[in-house]
Amino acid sequence: MGQCLPCLGDPAKDVVETPDPEIKRRQLAEAAEKRQMEASSRGVKNAYSVEQKKKKQEEMEKRMAASRHGGEGGLRWQVG
């Protein structure tokens, strides 16, 4: 008989409180950011070098675009 008494204990201890909507929103945003960071670095050993290569590539593309649109118009005439 004494074995069932712990089950009939205070029901207030078993109630799970739902967090404040602002706290829940912040937790969800943090979790989403963490998932995004993990997905972007999946399979990459050195994320810093990947970012540096990406920036360097973008800079090279900007230089190429600027040189193509220079004063020559993109066409070269050769006489020979």
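For the reader, a short list of remarks on this structure follows.
- Picking from residues in the stretch 15-28 that are among the aliphatic types (A, V, I, L, M) and at pLDDT below 85, the one that is surrounded by the fewest Cβ atoms within 10 Å (Cβ to Cβ) is VAL16.
- For the stretch 63-76, a residue qualifies if it is modelled with pLDDT of 80 or more and not charged (D, E, K, R), and the qualifying residues are MET64, ALA65, ALA66.
- Which listed residue, of GLU51, GLU58, is modelled with pLDDT of 90 or more and in a helix (DSSP H, G or I): GLU58
- Residue that is open to solvent by less than 100 Å² (accessible area, probe 1.4 Å), modelled with pLDDT under 75, small (Gly, Ala, Ser) and in a helix (DSSP H, G or I), where the choices are ALA31, ALA39, ALA12: ALA12
The values are calculated or read from the model by the stated rules, or taken from the named source; none is laboratory data. Since this is a predicted model, take the numbers as computed values, not measurements. Cβ atoms come from the backbone with ideal geometry, glycine included; neighbour counts cover every protein chain shown. Heads up: the accessible areas ignore ligands, DNA and RNA and are worked out on the full protein's heavy atoms, side chains in. Shrake-Rupley method; radii C 1.70, N 1.55, O 1.52, S 1.80 Å.
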